[in-house]
1. Sort B:Asp59, A:Asp33, B:Asp48 from largest to smallest accessible area, using a 1.4 Å probe on the heavy atoms of the protein chains.
2. Give me the percent of accessible area attributable to carbon and sulfur for the range A:6-103, probe 1.4 angstrom.
3. Can you tell me the accessible area per residue over the range A:6-103, all protein chains present, probe 1.4 angstrom, in square angstrom?
4. Using the Cα atoms of chain A to build a convex hull, what is its mean projected area in square nanometres?
5. Once you place label points 7 Å from the Cα toward the Cβ at B:Lys126 and A:Glu74, how far apart are they in nm?
6. For the range A:9-46, state which GluC sites (Glu not before Pro) are in a DSSP loop and have at most 16 other beta carbons lying within 10 Å of their beta carbon.
7. Take chain B, connect every pair of alpha-carbon atoms lying under 10 Å apart with a spring to form a Gaussian network, then pick out the residue of B:Leu162, B:Leu197, B:Leu77 with the largest mean-square fluctuation.
8. To the nearest 10 square angstrom, how much accessible area does B:Ile237 have with a 1.4 angstrom probe?
Amino acid sequence: MAMLDYETALKAVRAGVAEINDSRAPDAQVSLDEDATLFGEDSPLDSLSLVQVVMAAEGYLSEMAGIDLVLASEAAMSRKRSPYRSLRNLAEYAVEMSEAEVTQ
Amino acid sequence: MNAAADDRPAIAITGTRKGIGRFLAERYLERGWRVMGCSRDASDLVHDDYRHFELDVGDEAAVTRMMREVARGAGRLDALINNAGIASMNHALLTPGATMTRIFRTNVFGSFLFCREAAKLMGRRKTGRIVNFATVATPLKLEGEAVYAASKAAVVSLTQVLAYEFAPLGVTVNAVGPTPVPTDLVGSVSQDKMDQLIARQAIKRYGTMEDVLNVCDFFLRPESDFVTGQTIYLGGI
């Protein structure tokens with residue numbers, strides 16, 4: 001599997017958020033800012049919407065970089081520091097997962 | 001396989017090398033669907049709109065790769081038919097643990113992995129149809145098929161729970177429970193046993209592949225978007 005760089009990962013995560021925004025009301029749009037909250041008390045997303053963002057990001061990673069990762073997983077959900085906290089954290093997690101795949 | 005811009009419907013069918021899976025693949029191809037199939041071995045099904053993947057349906061990474069390839073190649077996924085399945089006819093006292101592992105890996109883990117990955121693709125378009133394969137061996141509580149029947153009971157349970165989990169994504173999940181259809185799957189079972197089994201059906205005949213297709217067609221119809229979590233057993237069980 002090819003190496004994934006942070007910028008590509010962030011682009012895929014942003015595309016995932018944008019896709020979910022398409023079906024959200026104008027006053028419920030999720031910011032595309034790197035540090036916008038995806039998960040946690042301040043998150044505008046319910047749990048299903050969060051999963052949809054992560055799933056869409058998986059799809060965009062596959063389309064943009066040809067990299068097939070499972071980012072929506074129990075292992076990720078149960079981490080002490082959630083990799084879904086922000087767009088940045090999710091992109092960093094994708095890079096981490098791709099590095100783990102390469103070294104396996 | 002045609003390009004992603006193609007707006008004809010796309011369906012993934014597991015276990016398409018032979019038997020019911022092969023039959024379903026051919027029928028949907030005839031109707032103009034794009035079909036993505038898989039099996040452990042290569043397929044001799046040749047068609048411009050058919051793509052075959054050689055994989056073990058219980059291999060998580062392989063299933064994920066296939067479904068991402070489906071997304072890249074077809075650009076969409078309208079339906080999944082989780083047909084791949086294996087059986088074992090044996091008394092429980094003679095059944096090794098390895099057999100149970102093998103059967104659950106294909107029938108339960110495989111179905112689950114395909115459901116999960118298919119729902120990811122379907123959910124992005126807010127529509128999709130999943131059909132799993134149950135069996136009459138479960139409600140008939142067939143002796144000698146403890147492991148097979150239990151694995152398919154798990155598939156029914158998955159179908160019911162996934163119906164709830166995937167409903168917000170616009171994806172329905174149902175199951176068809178065929179009676180014995182003359183395929184390799186029932187080839188090892190004695191005629192006497194088959195006759196006894198068929199005698200317990202309301203309609204006493206072997207099932208046909210067309211019977212299975214008919215139920216799949218019903219679940220796949222656009223008008224069936226309010227039908228989910230159901231298992232339809234053939235033959236009147």
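The values are calculated or read from the model by the stated rules, or taken from the named source; none is laboratory data. Nothing here was measured: the structure is a model prediction, and the numbers come from that model. Note that we place each Cβ from the backbone using ideal geometry, even for glycine, and neighbour counts take in every protein chain shown. Note: accessible area is taken over every heavy atom of the protein model, side chains too, but ligands, DNA and RNA are not part of it. Shrake-Rupley method; radii C 1.70, N 1.55, O 1.52, S 1.80 Å.
1. Details: B:Asp59 55, A:Asp33 85, B:Asp48 120 Å².
Sorted by accessible area, descending: B:Asp48, A:Asp33, B:Asp59.
2. Values: 2330 of 4780 Å².
Exposed carbon and sulfur together represent 49 percent of the surface.
3. On the way: 4780 Å² over 98 residues.
Accessible area per residue, the range A:6-103: 49 Å².
4. On the way: hull surface 24.9 nm².
Directional mean of the projected Cα hull area for chain A stands at 6.2 nm².
5. About 3.2 nm, to one decimal.
6. Values: sites: A:Glu19, A:Glu34, A:Glu41; in loops: A:Glu34, A:Glu41.
For GluC sites (Glu not before Pro) across the range A:9-46 that sit outside H, G, I, E and B with at most 16 neighbouring Cβ atoms in 10 Å, the list reads A:Glu34, A:Glu41.
7. Result: B:Leu197 has the largest fluctuation of those listed.
8. Roll a 1.4 Å probe over it and B:Ile237 shows about 70 Å².
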